[in-house]
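Below is one structure, written out as structure tokens, with a few remarks after it.
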Amino acid sequence: MNSFFRYKQLLQLIITNFKEIVREPGVLFWGILFPILMSVGLGLAFTQKVNVVRKVAIIEEKSSSALHHDSISLKQYFQDASLAARDTVVDGTAGFTYTLLNDKLGNTTFIFLKTNWDNAMIWLKQGYVNVIMKETNGKVDYHFDPANSDAKLSYILLSGSNDKENADQIKPLTLSGTRYIDFLIPGLIAMGIMMSCMWGLSYSMIEKRSKKLLRRMVATPMKKSHFLIGMITVRVGMNFVESFLLFIFAAFAFDIRIQGNLPALFTIFIAGNIAFSGIAIFMSSRTSKTEIGNGLINAVVMPMMILSGIFFSYHNFPDWGIMIIQKLPLTMVADGIRSIFIEGGGFAEIAVSSLILTTIGIVFFVTGLKIFKWH
């Protein structure tokens, strides 16, 4: 009974933890269905090629009808528009539409709504429109927030709608791995590892301690290291199943492909699981209050979810912040998985990150094991 490693005991603990997890209906939804639903929503929103509709407010002065689409100035302005103006009514507001056809980049339909300054400003604040146009002395003026990227794009399309001289120079990229969904899926896999370990291990441990369940285990000959390793093993196995199913769905729904080395992918996957499992054990090693545990977990996962490039590139942050973000565990996992998925990476790209993540996990696990208490 004093042997360092007890195989039968560890096996029984793994089986027990596995049964406990699969009997929870929430595991199937949050671990498997929710990431798939998220990938469907974001994938359809940002990947599918659709005709874009943009609303623009046009200031119409009572004393002038110059901005009607039959006016000479607007006919000149939209002389190269692919379709003639058509009258329309949107939400009770009269207006007209123009459609710019582009076989390479997709069609853009502009809905011009005639209104006054007061209504236009309200629409702008509500996000109903992002550009306001007004004609002054035969010249069209644009009013928009320069910090709004969508408004800037609308302005570029509008102001360049009659400029065709560079159209033949547009060469759309069709390389594998350049879509938003290609960027998103590796990030969701990395986030799934973190969330599963932090909530599935840390919160579960704290909840058991608060319900006095761990107290009963003190009387058994079970080693606490075996108890923790058993929980980690089951959690890693569940993470693998969840990630595999997400990838299979993405492969069929969005034609996602792994371009890099599969053994390297497995290595960074295991290293990420080790890192977050160790952190989760450390965080749950002593507290017995679920409120405190909930706060601690959110304090760890929320900043990394926002900063680590899961839903958008962290290169949008200032340069001084990028250096810090790249050192976060979730960033290393997401960058490693993404480099193999879409950049064709191998062991050279993930070796350092895998070593750091594994070290983090072992250090936190050993520390948590030392200070762990059953009650």
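The values are calculated or read from the model by the stated rules, or taken from the named source; none is laboratory data. What you see is a predicted model, and the numbers here were worked out from it, not measured in a lab. Here the Cβ is made from the backbone with ideal geometry for all residues, glycine too, and neighbour counts use every protein chain on show.
Below, the figures for the structure above:
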item: Region 277-295, subset touching a Leu at 6+ places or on another chain (Cβ under 8 Å) and of a type outside the set (V, I, T), residue farthest from I371 (Cα to Cα); result: S277
item: Top-ranked residue in region 113-134 [being closer than 20 Å to P146 by Cα and in a strand (DSSP E or B); ranked as farthest from the chain's Cα centre (by Cα)]; result: K134
item: Exclusive hit being over 17 Å from the mean Cα position of the chain (by Cα), assigned to a helix (DSSP H, G or I) and not hydroxyl-bearing (S, T, Y), set M332, M323, M304; result: M323
item: Residue match in region 252-268 (condition: in the same structural domain as S354 (by TED's automatic domain parsing), surrounded by fewer than 21 Cβ atoms within 10 Å (Cβ to Cβ), of a type in the set (K, R) and closer than 29 Å to G41 by Cα); result: yes
item: Test: residue in region 323-331 that is over 20 Å from A190 (Cα atoms) and surrounded by fewer than 22 Cβ atoms within 10 Å (Cβ to Cβ); result: no
item: Matching residues in region 307-320 - criterion: being surrounded by fewer than 12 Cβ atoms within 10 Å (Cβ to Cβ), in a loop (DSSP other than H, G, I, E, B) and without any contact (Cβ under 8 Å) to a residue 40 or more places away in the chain; result: P318
item: Residue selected from region 32-55 under the condition surrounded by 15 or more Cβ atoms within 10 Å (Cβ to Cβ) and among the charged types (D, E, K, R), by the criterion modelled with the highest pLDDT; result: K55
item: Some residue of region 210-232 being hydroxyl-bearing (S, T, Y) and at pLDDT 85 or above; result: no
